[in-house]
Amino acid sequence: MILDSINRTNDIKEVGAGDLDELAQEIRDFLIEKISVNGGHLGSNLGAVELTMALHLAADLPTDRIVWDVGHQSYTHKILTGRKDEFDTLRKYGGLSGFPKRRESNCDAFDTGHSSTSISAGLGLAKARDLAGEDYGIYAVIGDGALTGGMAYEALNNAAELKTNYVIVLNDNNMSIAENVGGMSSYLQDIRTADAYRNFKMGLEDALNRIPGGVAVVDRLKKYKSSFKQLVVPGMFFEDMGITYLGPVDGHDIKAMVKVFKEARRYPKCVIVHVLTHKGKGYAPAERHPARFHGAEPFDIETGLPAVNRTKANYTDVFSTVMCKLGERNEKVCAITAAMPDGTGLKRFSRKFPERFFDVGIAEEHAVTFAAGLAAGGYIPIVAIYSSFLQRAYDQIIHDVCIQGLPVIFAIDRAGIVGADGETHQGIFDLSFLSSIPNMTIMAPKNKWELSDMLKFAVKLGSPVAIRYPRGLAYDGLEEYRKPIIYGQSEIIYEESEIALYAVGSMVKTAERVRMTLKNEYGKHVSLINARFVKPVDKEMLAYLSKQHKLIVTMEENVASGGFGEHVRAVVDEERLCMDVIVCALPDDYVEHGNVAILAREVKIDCESIVEKIINETTP
């Protein structure tokens, strides 16, 4: 196999030109095999195989720098930079990350994980290069989906003023996670189809062929500046900004891309190379269902079906069902997503109520302010965004929603530890950054029924609400505990004395195990309270618990700094309540990728770690 010869950076340069297509196929087979076992981003990587190979052939790594937007398409890059043998550890604890990591390789120029960042980061690297008086290539790869994010345009505006070389590679597959939306998508589609260009080219060529000597002129023009495309310049949007546009070029033609990348490197300014690729290329199930294979769970290669059939609903499924019911009952309810109708569970709502569903693209800031406008206009927008992506709209939550007290509901999916995607995707900060905002109410359900009840409650509240829930199967325990939700009130599940476990959302399930361990192994008397509301903190409940308990243990899947436990401790101090507080939360650090259970143990929010902490701190 040719792939066997790829063991170090730049080994691809020793592969003969006639063998490159075969190497591309071997890389695809390798990716399908490994991702089918470990899971990961399949469609985006299959579509970028030849593009990555061409960049590695045109560039001189690690001297030249490649910045990958999001980075979920960097698997081929990892293979070509000597990490092929580590792919069995992909996305596992202590193993290879699913995203670029500078600590993994000096060929990873910038850590990424969120969208629309590569042009800004690459521009910074280009400026640093120039300030240091050096001369090497900077290539920023960005998908057309990422161009729905406003940060990309801020960077393009800045890059247009650059007086030295900087190459932006637009990887255009007409997809983000779902299909792209908006004006830029339409503009790029016009370039892809290029009817006007083709008609012009064919008409001009026919006319020239009919005059004496015209055939020779046509031949010369075809050889000049990538043929007639440079006469028409389909990318006038970029040209008008002052950025040289080259393309479109076939993103699966390695020779053509190498040629245009080398040409782009010669310009003394910012250049954008428009590359057309096909998401999921080479694997039929991924080509047919690109959204499903964006972030794939382990699957059967022959059929493309998941290796493990899910028989129970996850929290996203529950949210999806409740949203449809809310839409039926209240014509004011609207749904908003930032390019993730499938991932957030809003696909069904979009089909039933298309006029009240809005996919704004990868633009979380716009999503929140747009929702504020809907709310000011008398509607009830529910904004479904992953926890780690919501933090990108922090200013808009404060300035456009909460200052005005508008009834925007934030459905925060993937809250807490999410696992294999790692530091950039762990949803471990939302309780901290949201609880500091006046007028914000924060809730977290203990099980699937409570998520339904909280959404219905939020629709009626008439003010900003955030409901956070975790990734994974929805907890179906404690069904019998379904006390009606009353604003600001928590729920007693088991009432005893001595120790009170005060748990937030997903940690209620863990608290049940902690309680039984403390009772059965240590003979402790333990109460269990479901917080329900992170903000406001239930002061009356704390006062009540202080009469029977010497210790309260807060449990949350969020960093300790600014989290629920800190707010509980502040109330206990302010009210001079007679009980100690132990805060069980995540440390002031980032959580790497890996299995959720392993990570919970490492950050000490698993049952055994919490029990050990309680016993150690209560034993004289």
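The values are calculated or read from the model by the stated rules, or taken from the named source; none is laboratory data. Being a predicted model, the structure only gives us computed values, none of them experimental. Ideal geometry is used to build each Cβ from the backbone, glycine not excepted, and the neighbour counts take in all protein chains shown.
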- Might you check whether a residue that is assigned to a helix (DSSP H, G or I) and under 30 Å from THR311 (Cβ atoms) occurs anywhere in the range 437-448? yes
- Message: Yes or no: the range 389-412 includes at least one residue that is under 20 Å from the mean Cα position of the chain (by Cα), of a type in the set (Ser, Thr, Tyr) and crowded, with 20+ Cβ neighbours inside 10 Å.
- Response: no
- Message: If I ask for residues that are outside any helix (DSSP H, G or I), in contact with a Leu (Cβ under 9 Å, 6 or more places away or on another chain) and more than 21 Å from ILE254 (Cα to Cα), which ones from the range 61-90 would you list?
- Response: LEU90
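Does LYS312 satisfy being out of contact with any helix residue (DSSP H, G or I) (no Cβ under 6 Å at 6 or more places or on another chain) and farther than 30 Å from TYR283 by Cβ?
Details: out of contact with any helix residue (DSSP H, G or I) (no Cβ under 6 Å at 6 or more places or on another chain): yes; farther than 30 Å from TYR283 by Cβ: no.
Judged against the criteria, LYS312 is not a match.
If you scan the range 366-396, which residues turn out to be part of a helix (DSSP H, G or I) and touching a strand residue (DSSP E or B) at 6+ places or on another chain (Cβ under 7 Å)? Steps first, answer last, please.
Residues of the range 366-396 part of a helix (DSSP H, G or I): 366-376, 387-396.
If the condition is that a residue be part of a helix (DSSP H, G or I) and touching a strand residue (DSSP E or B) at 6+ places or on another chain (Cβ under 7 Å), then ALA367, VAL368, PHE370, ALA371, LEU374, ALA375, SER387, SER388, LEU390 are the ones that fit.
Going residue by residue through the range 64-72, is there one that turns out to be more than 26 Å from HIS593 (Cα to Cα), modelled with pLDDT of 95 or more, assigned by TED's automatic domain parsing to the domain that holds VAL271 and surrounded by 18 or more Cβ atoms within 10 Å (Cβ to Cβ)? Don't jump to the end; show me each part of the working.
Filtering the range 64-72 for residues more than 26 Å from HIS593 (Cα to Cα) gives 64.
Within this subset, residues satisfying the condition of being modelled with pLDDT of 95 or more are 64.
With assigned by TED's automatic domain parsing to the domain that holds VAL271 added as a condition, the list becomes 64.
Restricting the remaining residues to those that are surrounded by 18 or more Cβ atoms within 10 Å (Cβ to Cβ) gives 64.
There is at least one residue in the range 64-72 that is more than 26 Å from HIS593 (Cα to Cα), modelled with pLDDT of 95 or more, assigned by TED's automatic domain parsing to the domain that holds VAL271 and surrounded by 18 or more Cβ atoms within 10 Å (Cβ to Cβ).
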- Taking ILE492 as meeting all but one of (1) surrounded by 17 or more Cβ atoms within 10 Å (Cβ to Cβ); (2) touching a strand residue (DSSP E or B) at 6+ places or on another chain (Cβ under 7 Å), write down the number of the exception. (1)
- Query: Among the strands (runs of 3 or more DSSP E) confined wholly to the range 498-565, which include 2 or more residues that are under 23 Å from VAL603 (Cα atoms), within 30 Å of the chain's Cα centre (by Cα) and hydrophobic (A, V, I, L, M, F, W, C)?
  - Reply: 549-559
- Number of the exception - GLU592 against (1) touching a residue at least 40 places away in the same chain (Cβ under 8 Å); (2) under 37 Å from the mean Cα position of the chain (by Cα); (3) buried (at least 20 other Cβ atoms within 10 Å of the Cβ): (3)
- Message: Tally up the residues in the range 351-383 that are in contact with a Gly (Cβ under 7 Å, 6 or more places away or on another chain) and in contact (Cβ under 8 Å) with a residue 40 or more places away in the chain, please.
- Response: 5
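Does MET541 satisfy the condition of being touching a residue at least 40 places away in the same chain (Cβ under 8 Å) and either in contact with an Asp or Glu (Cβ under 8 Å, 6 or more places away or on another chain) or polar (S, T, N, Q) (or both)?
Numbers: touching a residue at least 40 places away in the same chain (Cβ under 8 Å): yes; either in contact with an Asp or Glu (Cβ under 8 Å, 6 or more places away or on another chain) or polar (S, T, N, Q) (or both): no.
In short, no.
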- Restricting to the range 231-262, what's the tally of residues that are under 21 Å from SER118 (Cα atoms) and either of a type in the set (D, E, K, R) or without any contact (Cβ under 8 Å) to a residue 60 or more places away in the chain (or both)? 9
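Among the residues of the range 153-164, are any free of Cβ contacts under 8 Å to residues at least 40 places away in the same chain, touching a Leu at 6+ places or on another chain (Cβ under 9 Å), surrounded by fewer than 17 Cβ atoms within 10 Å (Cβ to Cβ) and not β-branched (Val, Ile, Thr)?
First pass over the range 153-164, keeping only residues free of Cβ contacts under 8 Å to residues at least 40 places away in the same chain: 153-155, 158.
Going one step further and asking which of them are touching a Leu at 6+ places or on another chain (Cβ under 9 Å), we end up with 153, 155, 158.
Now narrow it down to the ones that are surrounded by fewer than 17 Cβ atoms within 10 Å (Cβ to Cβ): 153, 158.
Now restrict to residues that are not β-branched (Val, Ile, Thr): 153, 158.
Yes, that holds for at least one residue.
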- Within the range 564-620, count every residue that is touching a Gly at 6+ places or on another chain (Cβ under 7 Å) and among the acidic types (Asp, Glu). 1
- Message: If I go through the range 35-56 residue by residue, how many of them are surrounded by 21 or more Cβ atoms within 10 Å (Cβ to Cβ) and part of a helix (DSSP H, G or I)?
- Response: 14
- Item | Every pair of residues 6+ apart whose Cβ atoms lie under 8 Å, when the first sits in the range 290-317 and is more than 25 Å from ALA411 (Cβ to Cβ) while the second is β-branched (Val, Ile, Thr) and surrounded by fewer than 18 Cβ atoms within 10 Å (Cβ to Cβ) | PRO298/VAL37; PRO298/VAL308
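Residues that are surrounded by 15 or more Cβ atoms within 10 Å (Cβ to Cβ), within 32 Å of the chain's Cα centre (by Cα) and at pLDDT below 95: find the helices (runs of 4 or more DSSP H) completely inside the range 224-280 holding 3 or more of those. Write out each step before concluding.
Working: elements: 229-232, 236-241, 254-265.
Fully inside the range 224-280 and qualifying: 236-241.
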- Within the range 570-604, can you find the residues that are under 30 Å from GLY422 (Cα atoms) and part of a helix (DSSP H, G or I)? VAL596, ALA597, ILE598, LEU599, ALA600, ARG601, GLU602
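Would you check which residues across the range 105-138 are among the aliphatic types (A, V, I, L, M) and under 18 Å from the mean Cα position of the chain (by Cα) and list them?
At the first step, the residues of the range 105-138 found to be among the aliphatic types (A, V, I, L, M) are 109, 119, 121, 123, 125-126, 128, 131-132, 138.
Listed by number, the residues that qualify are ILE119, ALA121.
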- Looking at THR303, THR321, which one is among the polar types (S, T, N, Q), part of a helix (DSSP H, G or I), out of contact with any Pro (no Cβ under 6 Å at 6 or more places or on another chain) and surrounded by fewer than 18 Cβ atoms within 10 Å (Cβ to Cβ)? THR321
